[in-house]
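Asker: Supplied in structure tokens, the structure appears directly below.
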Amino acid sequence: MVGLLLLSFFKLGVSTAQAGENDDIKVLLELEGKMAEAWVRRDTQFGTTSAIVDDLRIRLYGDPAVVTGRATYRGWSKKRGSYVRRFRFTDTFIRRVNIWKCVATHASGLGQE
């Protein structure tokens, strides 16, 4: 399930014109939000009800970019009831033909409630 979800992230892209660094940061923030929303919409087995990303740090290197941050997922499962899971993550993006695409992602669990 996670593998399929991550593959869907790689297909997400946000178009941007060749603009300044602030525009790139805005686009990458929007893309991170869309990726978090994808967890809520597609995770039917565990019933994720919210996904929040924060503590974001964006480093631009021209056409590549690295985004690090924290994610909190809340939801409900039949076996365990309600849950909260927290992760630190690193996402690597590449801009091709003015579209940012996530090409790699890594997450490490911080614990759960």
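Asker: Once the Cβ-Cβ distance between Glu37 and Ile99 is put in as r, and R0 is 22 Å, what FRET efficiency do you end up with, to the nearest 0.05?
Answerer: So, using R0 = 22 Å, E works out to roughly 0.75.
Asker: Chymotrypsin sites (Phe, Trp or Tyr not before Pro), restricted to region 60-91: which are DSSP loop and have at most 10 other Cβ atoms within 10 Å?
Answerer: Here the chymotrypsin sites (Phe, Trp or Tyr not before Pro) that fit, given the DSSP loop and packing criteria, are Tyr61.
Asker: Full extension from Asn22 to Ser108: what is 0.36 nm times the residue separation minus their Cα-Cα distance, to one decimal in nm?
Answerer: Taking 0.36 nm per residue and subtracting the Cα distance, the gain is 28.1 nm.
Asker: What distance in nm lies between label points placed 7 Å from Cα along the C-beta direction at Val84 and Leu29?
Answerer: 2.4 nm
Asker: Then there is this: Cross-link candidates for Lys79: which aspartates and glutamates have Cα within less than 20 Å, leaving aside residues fewer than 8 places away along the same chain?
Answerer: By straight Cα distance, Lys79 reaches Asp43, Glu113.
Readers should treat all values here as calculations from the given coordinates under stated rules, not as data from a laboratory. Worth saying up front: this structure is predicted, and the values here are computed from it rather than measured. Heads up, the Cβs are rebuilt from the backbone with ideal geometry, glycines too, and the neighbour counts pull from every protein chain shown.
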